[in-house]
Each structure stands twice: as structure tokens, then as C-alpha cells.
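For reference, the structure is listed below as C-alpha cells.
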């Protein structure tokens, strides 16, 4: 069974590329348009990895990350934060709140694909 | 001639001694004689006894004459010298003793004269030094007040009680924001010499700042100032810097002595707004762009796959297109704001556009020897410019036009277009190529042999503006157009009011440093040390109980014996009734002048605030007070402070004068009348009269407020009732 990945970002223009890319790589891809929806999907679908944008309506990526880490059932979920803020304080905050890795926009899709593969143990 | 009793006494004793000596001699002779001889002598001398007495008297006269001469020389002359020396001692001007008497006496006089001369010289020297010193102090004071008046920073200096000793015009304008009645009292009830700063700022806040300063002083900080931020009632943010005023003669053991404090006020609202605008722009530029770039890069990466379905390719292309449009819009937005938000760091100042044009006209005419006419200028425009470099740019362009294109006539034009001003430098004839304009714009500006490290482009960019070249073919004209920023409404207001203060105002009184909290009751305070509000009213008639109303109030303050001509209250009122024609002849205030003015219900509270903590003074005060008292019920404002009447007190000082009308008193004191029968004019004259009455009352032993009130009551006029 292929690994399940949730793409949580409110910008449809990046979601369309990420969805296409990850499907090509052989993952099952879910999409969430805001923080609230992201948290619900994570709880319900228990994806293996979440691409979590920081700035989202309703709940920020930080909040979602914190909620996931507070839930015993979701400890296995890997979180890769995406941010448009280039500040190191955000990286520090994300890591502190339990993100497994961090990637700053803009990024190359190849780099992202490699990172995702590494986080999921090299297997799609 | 008066004879000294002591001299008579001495003479009498000499006479007695001589008589005694004669008696003893006779007695000795008598005892040596035989009884027969005694008889013969007795017979011989007996009838000639009178002769003997005569001889005694003659001898006595001789002795007396001798004694008198001696007396004159050795007692009378020194006594006179003593008197004259005493006069000399008390003399305030140079004086000399006349030489008299014996050689010793003359020498003594000369020595005393020398001493006196030495004393006079020292005294003169001292007086000279005192004059010089006080002159220097006065000069320094004047210099400081001039400096304060011109300063663009708001400054208020207070003594430790929080009483205002000095403030400048900027501060007055800024603190207006705290006024409850900005239209009526215009903040004059808040900021003024001798008023308390705690009417504006919370006492705790200032106390806390002073405490911080104290701690820093104790620690030995070099610049022990501190600051706090407060909001005005209108929601503006004010940053207040507090610095201590330290007494001049600080000794080592007293490092933390403070005699007052300086407040520097800064409206940081505008800075704050600019900062947040800058933040927003920066945010849009970084985060927004990053997101867009991420979407574009991801889409581009996907487009790289050779096996991409046409439908997906279409969608990725759509993403690219959309994000590119968003990026462009963001950049456009940024450029529009950045001219205000990001580039306004160069210090620009408010300047009346017409002034700039006039200055440019003069400078171009001088430098280029060509006549410059002013085409059309919007007189109301306030620019925000760095006038020096802007004038340089205009002059530089003109000189190149004249040198390279032989332009004969130049014109200037200024008008507002949207949020900016257009300043045009126009000429007739030759037009030039865009390349030429570019070089002129980018070349370092040259004046004769002198080259500046500045281009026209630099100047334009400092203003966040733009400059270009345009031609009007029909009129055969061409012009350079400068787009310049306009001052904001608030900046315009402040600049206008700074311009209007023409004379140098009395905004300071350092003597208040010495005044401490007034412990004693008002009644026991000296007249010369009290603060007064001297006022006058104009009314529709003489009978307030029959419906006559106040139509104008004018008032001025006296603090510390000084008339503060800048701290005035002047207001026309709508009496809400007709003004009788007869009274218009006196005060000249017509119905038109008062229509639309505030009524007594609004003006009286403002006047009450203006007169707070002062003694009221008016000429024929009972009349004005009657009007005020009749309004107590309807306005809820009562004047409880003491009232002095210059009419009554003039009668106290000059009981024999026939008239105590304001004109007559002013004439007696040689006070120039100005604007008689306007409330303000009369209040000013009354104030001057009162300042002259104070020392005259003092000479009569009337020194305190209580004494003045009692004296006024005792005069004949006090029995008149209105």
C-alpha cells in the first residue's frame, strides 16, 4: 500500500503542482485548504506525512502542528513545514512545536521529493 | 552765638581757681603780718577791694579767651570733622572733607578723604560689575528664549512643583490636543507660564520619570534623561522625553540635586504610521513573493516532465500566468507606497509653495541674469521639500537652458494635482532631445567652476518625486515638470501657526524656579507674587437683571509680576438677543459679528478653566461679576476666586483724584490706550494699570491680598452698589 501524504496549503497554485508531483512519485495524496480542514483530515485519515504551510486561514500551521503532537494517536505522523517567512525564528518555533523538517518557499520540487522520500524511509 | 556748656563749666572752674589762689595768697600774707601791720593793710586794701575784684575779672577774661581759643582748636574742630565724616560715611556719591584746623587736623582730614575715595572707587567697581553681570544674564536669557521660539522641537521647562517656567510655540500647538475646548480656549487654559503641567500629564507618570532620573543621577549617569509615551484625548501618540534641570552650583556631595525638569514632546503617531506602512510593504514583498515564486517554480518543474498530459500542461501554464500577474501587481503597489513609506527618510520641511517659487525666481534671476516671471501659483499649497537642494536643481537647469539654448525668458508655475504639487520651469522656443534631458538629469550639478556631488535626479529622489520634460507644440513652449510631495493637513496647520506668531513671545519666566509650593492662604500672599487673570466684558447694555447679556470676553494673565501678552483669552459670544443700536456705538460689535459664535453656556466654562487658580482683576469689577454671577445657575460655572477692582484700588492710592475711569487712570500712569472698548484692549489697559498700582499700594503698607481687599472695601466707592 502506498504511503499517504496530506498537502495542507491555502494557495491552490502550489497545491496543484505538489499534488501532481507527489502522485507521480507514487504517493496517495490528500488536500486541505485551511488549518481546520488539515487537522480534521489528519485525525480522520492518519496520513504518513503532512506538508504543512505555516500561513493558513482558521488555524496556522503552528497550531495544527501543536495539536497533532498533543494527540497520542498521531505520533507517527511526520510533519514537513512549508513557510514563506525566511526568518530563522520561524524555523526555531516550528522545530520546537514538533515539526520534523522545514522547507522555505520557494524550493525546487526535486529537493522536496527527496526530502519527503527520506522522511518516509526511502519508500513511496 | 551758642556757647558750649562744657566750655562755660571749664571757665567757671578757672575763675574759682583764680579766686581761690588769690585768697590763699592773701591769707598767707595776712598771717605773717603783726596786728598793727594788719590794721594798716586792712585800712589800705579795704576800700580798694573792688579794684582787686576787677583785676581778678580781667585776669579771668584773659584766661577765658585763651581757653576758648584752645577749645575751638582742639574740641570744636574735631567735633565738626566727626560730623562731616559721618556724612561722608552715609553718602552714596563721592564727596570730600574741607581742610580746616591745625596741621594735624588737616592731615587727618586728608587721610579720611583718601579712605573715602578708596571706598567710592570700590563701590563704583562693584556697581559696574553688577551691571555687567546682569546684562550678561539678560543677554543669555534673550538668547535662550530666541532659541526656544525658533526650535522645531516642542519644549516645556517646569520647576519641581510642575509649574511651567518656559515653553515654546511648538509645545503650545502640540499640547492643544489635550484641551477639552480646543475651539474656545485653544489650550491656553492648559499651557501657560506658572500653570501646572499636571493639568496635561498624569502626575504619577511624571513622578515616575523623575524617579528614574534620580536613580540614574545617583548612579552617576552622564545624560540622566528618560521618556514615556502617552496618548492625547484625540488618540495621538506623544513621546515625552524628560531631562532634569540641575542647579548650577552642584557640589560633589549633592549629585542628585534637581531644581526642575525639561519635557521634550514628539508626536510619534506619524512615525508610527509610517513604520507600520513600511512593515506592511516589507511583508508583502517577502512573504507574498516567496509564495508566488514557490508556486511558479513548482509549476515550472512540473512543466519539465516530458510525459505531461496536455490538460495538466494547460493548468500549470495557467498557474505561471496567474502568479506572474500577482507579482507584477505587488510590485506596482510597492512602488506607489514606497515613495511615501520607504523613501521619506530624507528630512523634508514644510514650506509655503508661493515662498519656494519666489525664492526660485530670485535665485534664477541672480544666477542666470535672465528675467523670470511667475505664471500662476496656488497660494494655498504647502509643500514638503528640502528647499536648498531643490532651488539648486532649478537654478542649475535654468543655467544650462540659458548657456546651451540661449533661452531669454523663463517662467515658473505651481499647482496641485492629486496628492502632489507640480512645479514647472517653462521656456519659449527650443525643445530638446530626450537624451539631452537625460544627461542634464544625471550630470553632477555645476555652478560656475564649482561642481556638486549631487544630480538633479538625486534631488528628485530625495523628495520621492519625479521630473520630466514636456513640450506644448501649439504654444511653442517647453517645460521641466517637478512632482513634489504636499504637506499633510496637520503639518500645514502647524506650519501656518508657526508663521503667524510674528513677535517674539514671552514664553519664559525663570524667576519661577525660586518659587516653591504656595503654603500660605491666598489672602496672606503678597500682591506682587500672585497670579492674576485680568479681564473685561462687552455687553448689550448695563442691566444684566433686565436681560442684558455678555457679547465679548477678553482676558490676559499676569504671573510673577509680568504681563503675559501671548496668553490671552478673546471670544465673541452670541447673546441670543438683539444688540441695541445704542450699545453698538460703544463697542462696535454688530449682530453679524456674533451670529454663529458660541453661547455663554460654552464660553463661560472655557473662561473659567483659563482663569483657574488665579485672582480675577477687572475695572469696575462689580459690573462684570454681576453678569457672571447671573449665569451661575444656567451654566453651572461659579467663580469663587477672589476679585480685585482697579477702580476701587485706584481710589485707595489717589483719594484726591476726581476721576477713576480707566482712561483717566491710564492717562495718569502714561499708559498708551489701544483698542479701547474692545474687551481685549480694555483688559490689557486694566492689567497695565494693575501692575502700576501694586508698588503704590505697597508703599502705603498694603501688601497682601487681604489688605488690598480690606482697603478697597473701605473706600467711598465701595458703598456703591450695582
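Every read-out reported here was derived from the displayed coordinates using simple, explicitly stated rules and does not represent laboratory data. Every value quoted in this text rests on a predicted model; they were computed, and no experiment measured them. Every residue, glycine among them, receives a Cβ derived from its backbone with ideal geometry; neighbour counts consider all protein chains shown.
With all pairs of different alpha carbon atoms counted, what Kirkwood hydrodynamic radius in Å does the stretch B:61-132 show?
Working: mean 1/r = 0.0714 Å⁻¹.
Across the stretch B:61-132, the inverse of the average 1/r is 14.0 Å.
Neighbour counts of C-beta atoms inside 10 Å place B:396, B:198 in the sequence B:198, B:396, starting with the fewest. Set against the 2.2 N^0.38 Å expectation for a compact globular protein, the stretch B:272-341 has a Cα radius of gyration ratio of 1.44.
Placing pseudo-labels 7 Å out from each Cα toward the beta carbon at residue B:16 and residue B:104 gives an inter-label distance of 2.8 nm. With a simple spin-label model that places each label point 7 Å from the Cα along the Cα-to-Cβ direction, the separation between residue A:58 and residue B:211 comes to 5.0 nm. Once the gyration tensor of the Cα atoms in the stretch B:349-486 is diagonalised, the equivalent ellipsoid follows with semi-axes of 20, 18, 15 Å, ordered largest first.
Taking other Cβ atoms within 10 Å as a rough exposure proxy, A:54, B:594 sort from fewest to most as B:594, A:54. Our estimate of slack between residue B:451 and residue B:475, defined as 0.36 nm per intervening residue step minus the Cα-Cα distance, is 5.2 nm. Nearest 10 degrees is fine. How inclined is helix B:600-610 to the longest principal axis of chain B, computing both from alpha carbons? Once rounded, the angle reads 60 degrees.
Here is the size of the stretch A:31-124 from its Cα atoms: Rg then Dmax, 12.5, 33 Å. Taking every alpha-carbon pair under 8 Å whose residues sit at least 6 apart, chain A reaches a relative contact order of 23 percent. Angle of helix B:203-219 to the longest C-alpha principal axis of chain B, folded into 0 to 90 degrees and rounded to 10: 80°. When each of B:441, B:83 is scored by the number of other beta-carbon atoms lying within 10 Å, the sequence from fewest to most is B:83, B:441.
Secondary structure note: in the stretch B:518-719, about 75% of the DSSP beta bridges are antiparallel. The label point for residue B:696 and the one for residue A:117, both projected 7 Å from the Cα toward the Cβ, are 10.9 nm apart. If each Cα of the stretch B:639-684 is one equal point scatterer, what is log10 of I(q)/I(0) from the Debye formula at q = 0.13, 0.23 Å⁻¹? The calculated log intensity ratios at q = 0.13, 0.23 Å⁻¹ are -0.34, -0.89. Here the stretch B:433-493 is treated as a Stokes sphere of Kirkwood radius computed over C-alpha pairs; at 20 °C and 1.002 mPa s its diffusion coefficient rounds to 157 µm²/s.
Suppose only helical runs count, i.e. DSSP H with n ≥ 4. What mean residue ellipticity at 222 nm does that imply for the protein assembly as shown under -39500 (n - 2.57) per run, divided by all residues and rounded to the nearest 500 deg cm²/dmol? Walk me through the numbers before you get to the answer.
Details: 29 runs with 409 residues, N = 846.
My calculation for the protein assembly as shown gives -15500 deg cm²/dmol from helical runs alone.
Convex hull volume of the C-alpha atoms in the protein assembly as shown, normalised per residue: 406 Å³.
Need one number for chain B: average projected area of the convex hull over its C-alpha atoms, nm².
Numbers: hull surface 270.9 nm².
Average of the hull's projected areas for chain B equals 67.7 nm².
Among beta bridges from DSSP that stay inside chain B, the antiparallel ones total about 85%.
Counting every Cα pair in the stretch B:1-153, what percent are over 22 Å apart? If you can, show how the numbers build up before the last one.
Numbers: 8105 of 11628 pairs.
Here the long-distance tail beyond 22 Å is 70 percent of all Cα pairs in the stretch B:1-153.
Just to be sure I understand the curve: with the Debye formula and one point per C-alpha of the stretch B:611-713, what is log10 I(q)/I(0) at q = 0.16, 0.18, 0.22 Å⁻¹? For the stretch B:611-713 at q = 0.16, 0.18, 0.22 Å⁻¹, log10 I(q)/I(0) is -0.73, -0.90, -1.24. Under Stokes-Einstein, with the Kirkwood radius over Cα pairs as Rh, the value for the stretch B:518-719 at 25 °C and 0.890 mPa s is 142 µm²/s.
From the C-alpha gyration tensor of the stretch B:5-90, pull out the three semi-axes of the equivalent ellipsoid (sqrt of 5λ each), sorted largest to smallest, in whole Å. Could the numbers behind the result be given before it?
Details: eigenvalues 400, 25, 11 Å².
Semi-axes, largest first: 45, 11, 7 Å.
Taking the C-alpha atoms only, the angle from helix B:5-32 to the longest principal axis of chain B is near 20 degrees.
Considering only DSSP beta bridges with both partners in the protein assembly as shown, what is the antiparallel share in %, to the nearest 5?
On the way: 74 of 104 bridges.
Antiparallel bridges: around 70 percent, rounded to the nearest 5.
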